[in-house]
Amino acid sequence: MDNVATGPDEIRHIVNNGAPTRFARGWHCLGPVQKFLAQNPTQLRAFGQDLAIEVLADGHCVASNERCSLSLGQDPGAQSETIEPFCNVHGAEHSMPTTLAPCWPVLQQDGLLFIWHDAEGAPPRAGQSIPRVHGTSPEQWTDLVWNEITLKADPRDVVEHLVDTATFFYESSNRPTFFKNVFENHVATQYFDGPMRREYSHHAAEAAPEKLIWTNSVASYFGPSFMIDELDYVHDRYDINAILVTAHYPIDEHTLVLFCGVSVKHSKELGSDPQEFAADQSARMLHGFGTDAEPWQQKTRVDNPLLCEEDGPVYQMRRWYEQFFCDAADIEPRMTDRFEYEMDTTMPLDMWKRSLARTPVSSKTTGKQPV
Amino acid sequence: MDQQSDARLIEIPLQSLDCTECVARVLVRKSTWQQTSIQWTEEALEACRERPATRCGERPKDRFIGCESLRHEIREATNDGRLNVVYRTDSETEPDRPTVS
């Protein structure tokens with residue numbers, strides 16, 4: 001490759017392959033269903049198209065293109081034959097007038113509306129559903145407090161936050177004791193264990209006697225745009241369990257809508273109102289993204305970044321991300337095979353030298369005893 | 001593509017390593033004592049004995065974080081020099097120059 005400098009005297013040129021020619025395949029969250037009830041039907045622009053979202057009387061949402069005659073209150077047209085067989089609302093259970101334009105596959109859960117985008121028009125891929133935000137016990141959690149902003153940004157920049165170890169080293173002035181990324185199939189995960197990340201700081205902690213000392217975070221992108229982050233804020237006297245949702249959908253090639261949702265687990269130790277705490281965190285997270293977004297607006301696309309050893313697995317993350325932009329038939333193992341990047345500073349360097357043959361190995365699964 | 005463009009991997013590529021607990025063969029790279037990259041293949045994942053025995057779920061915290069047996073073998077291989085460490089140094093403050101193998 002002539003664009004890669006292989007020697008110290010060669011000049012390295014920036015490679016810009018241009019933005020992808022299609023939008024990502026996968027489930028994209030459009031926001032809370034409640035939002036669409038407020039102005040029903042709702043028109044919005046997404047994936048470079050005009051969409052109409054309608055909440056039906058039974059609470060089901062329908063997402064269709066602008067030419068959906070029913071949603072727009074127009075005279076029913078002659079598009080009855082265009083309903084796609086995978087329309088999970090109209091196709092299956094409703095005896096609605098068959099006047100709707102092709103419906104987008106819709107998923108409604110946790111009060112959120114998702115639509116499946118695929119440039120090839122195929123139905124949702126098996127095994128790529130979105131997990132429930134609160135797992136099996138939603139009653140133990142506050143509602144998701146939801147915020148959104150519209151940004152001029154490349155979705156890839158948003159997603160790459162997941163591998164951005166430099167943020168911790170240089171912007172937050174602290175280092176995780178444990179940081180790990182795992183990419184496998186359509187899921188990308190970040191493990192973070194360490195001092196509090198600045199953007200997550202609990203405003204009350206500064207004044208209150210409770211000191212926030214540690215964060216444990218496991219965050220996964222399920223597909224190209226929906227991330228669930230399970231967060232434990234460890235205080236000196238109690239823990240706060242929170243769930244952070246980060247999601248986005250593209251409006252067009254240059255603009256996207258970014259969401260932050262925060263939910264907090266009810267706890268008697270939590271002095272402040274959990275719902276208020278969640279609202280505060282949600283606003284703070286979004287503000288953090290707003291700060292990040294400033295450089296994004298000026299950023300030149302660089303497809304061959306020069307990285308130092310301390311940088312995260314940017315190339316591997318992009319390789320994983322490629323699977324959402326190619327034809328399904330062209331997805332390659334290199335995009336979906338499991339890759340792990342781990343940084344573990346909990347073991348002092350001198351321990352390394354003495355650790356040979358003395359490292360405890362988990363015996364719970366293999367039965368192997370520490371040697 | 002990523003291997004060709006990532007200067008880090010051009011200088012010091014990933015190395016093959018066999019797990020001692022199963023027949024999984026993976027590619028490993030360590031940039032420092034603390035940093036490890038592991039590239040699995042489908043065959044290696046199928047060979048892993050630890051993963052099927054671990055209770056896993058779909059949500060972030062329930063996902064399989066990694067194989068402890070492989071982690072142990074990587075540590076051993078690093079200690080006895082079978083695995084290169086790009087910055088193989090005693091001190092974090094005075095890194096050696098990377099040695100290309």
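The values are calculated or read from the model by the stated rules, or taken from the named source; none is laboratory data. Since we're looking at a predicted model, the values are computed, not measured. With ideal geometry, Cβ positions are generated from the backbone for all residues, glycine too; neighbour counts draw on all protein chains shown. Surface accessibility is based on the protein's heavy atoms, side chains included, excluding ligands, DNA and RNA. Shrake-Rupley method; radii C 1.70, N 1.55, O 1.52, S 1.80 Å.
Assorted remarks:
- Applying both filters, DSSP loop and at most 16 other Cβ atoms within 10 Å, to the GluC sites (Glu not before Pro) of the stretch A:224-276 gives A:253, A:269.
- When the square roots of the Cα gyration tensor eigenvalues are ordered a ≥ b ≥ c, the ratio a/c for the stretch B:2-79 is 1.5 or more and a/b exceeds b/c, which makes its shape prolate.
- Summing both sides, the accessible surface hidden between B and A at a 1.4 Å probe radius is close to 5100 Å².
- Delta accessible area of at least 20 Å² on complex formation, residues of the stretch A:296-319, 1.4 Å probe, chain isolated as reference: A:307, A:309, A:315, A:316, A:319
- Whole-percent carbon and sulfur share, accessible surface of the stretch B:2-79, 1.4 Å: 47
- Ligands, DNA and RNA aside, residue A:338 has an accessible area near 10 Å² when probed at 1.4 Å.
- Residues in the stretch A:212-236 occluded by at least 30 Å² - accessible area, probe radius 1.4 Å, against chain by itself: A:218, A:222, A:230
- Calculated FRET efficiency, residue A:129 to residue A:11, Cβ-Cβ distance, R0 = 45 Å: about 0.40 to the nearest 0.05.
- Flagged links, alpha-carbon separation over 29 Å, of A:35/A:265; A:35/A:152; A:152/B:30: A:152/B:30
- Ligands, DNA and RNA are left out, and with a 1.4 angstrom probe the accessible area of the stretch B:2-79 is 43 Å² per residue.
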